[in-house]
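Here's the structure we're looking at; comments come further down.
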Amino acid sequence: MNIEALVSIFTIVDGKFKVLLFRKKKDPYKGYWILPSDLLGKENTLEEVVEECISDKVGLSNLEYNQVKVFSALDRNPSKRIIGVSFITIVDSTTIELNNISTDEGMEWFDIDNLPKIGYDHQEIINASVETLKQKINHSLELKKLFPSDFTLPEIQKIYEQLMNCELDRRNFRKKFIKADLIEETGDKVTGMNGRPAILYRFKEDIEDKLLF
């Protein structure tokens, strides 16, 4: 029996949550898309496998990650018995751009609401990871990781609406964020949009971890 670590790597592109997937090149599930993963060896820990997997796939180190769930269905892999342990990590889009993390034919960021054909039980694993993601970004420090630089409040609201699959009242959302005393105005605005220019904010340097909703 083998044990594998699977990592759901999430980021935000154009106001949408994306997950990194790889196209399977061999059977089973040839041509389907799967999560980055690797098997646990005799001389490494699961944590080391996760760190190596993130480093090999996206070229980043020192990303924080959390264990999500263990998947042990007897038929989760048609070739052999493998126990899956899923993990989640998030990376902001600026870090991806600065580190030139691009995609090729076998690697792509997919909108979590518009996924391709998924191999194995990885759709179930992604679903569980999205539920964990909802909990994570409800914490101010986790949200700050996704928005380390300037942003507008409508941008923040948009990702919450995507994850929660609901429409939030703009005034109440704005009021809640301002009242939480986590952000400050940059002094700049975004122009060229419909309506009035949107105010740009940033998270304050030292903030407490607060539940936002």
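Taking (1) open to solvent by less than 50 Å² (accessible area, probe 1.4 Å); (2) within 22 Å of the chain's Cα centre (by Cα) in turn, Met164 satisfies each apart from (1). Lys204 falls short of the stated requirement of being open to solvent by 90 Å² or more (accessible area, probe 1.4 Å) and charged (D, E, K, R). Within region 35-43, the presence of a residue that is touching a residue at least 24 places away in the same chain (Cβ under 8 Å), of a type outside the set (Asp, Glu) and out of contact with any strand residue (DSSP E or B) (no Cβ under 9 Å at 6 or more places or on another chain) is excluded. Among residues of region 57-70 being of a type outside the set (Val, Ile, Thr) and closer than 16 Å to Ser129 by Cβ, the one that is most open to solvent (accessible area, probe 1.4 Å) is Glu64.
The condition (being in contact with a helix residue (DSSP H, G or I) (Cβ under 6 Å, 6 or more places away or on another chain), polar (S, T, N, Q) and under 22 Å from Tyr160 (Cα atoms)) is satisfied by just one residue among Ser8, Ser61: Ser8.
Just to confirm my filter: which strands (runs of 3 or more DSSP E) fall fully inside region 101-213 and include at least 1 residues that are over 23 Å from Phe22 (Cα atoms) and at pLDDT 90 or above?
Strands (runs of 3 or more DSSP E) meeting the threshold: 183-190, 198-203.
Please find, among Gly84, Gly106, Gly187, the residue that is small (Gly, Ala, Ser) and touching an Asp or Glu at 6+ places or on another chain (Cβ under 7 Å). Only one candidate passes the filter, namely Gly84. Of all residues in region 15-36, exactly one satisfies the criterion of being closer than 30 Å to Asp150 by Cα, of a type in the set (D, E, K, R) and buried (at least 17 other Cβ atoms within 10 Å of the Cβ), namely Lys18. Scanning region 143-156 for residues that are touching a helix residue (DSSP H, G or I) at 6+ places or on another chain (Cβ under 9 Å) and open to solvent by less than 20 Å² (accessible area, probe 1.4 Å) turns up Leu143, Leu146, Leu153, Ile156. Number of residues in region 119-142 that are crowded, with 18+ Cβ neighbours inside 10 Å, over 13 Å from Ile9 (Cβ atoms) and small (Gly, Ala, Ser) equals 2.
Checked against the criterion of being surrounded by 14 or more Cβ atoms within 10 Å (Cβ to Cβ), touching a Ser or Thr at 6+ places or on another chain (Cβ under 9 Å), free of Cβ contacts under 8 Å to residues at least 60 places away in the same chain and under 23 Å from Lys134 (Cα atoms), the candidates Ile96, Ile9, Ile54, Ile90 yield just one match: Ile54.
The values are calculated or read from the model by the stated rules, or taken from the named source; none is laboratory data. The structure displayed is predicted, hence computed values, not measured ones. Positions of Cβ are backbone-derived with ideal geometry, glycine not excepted, and every protein chain shown enters the neighbour counts. With ligands, DNA and RNA removed, areas are computed over all heavy atoms of the protein, side chains included. Shrake-Rupley method; radii C 1.70, N 1.55, O 1.52, S 1.80 Å.
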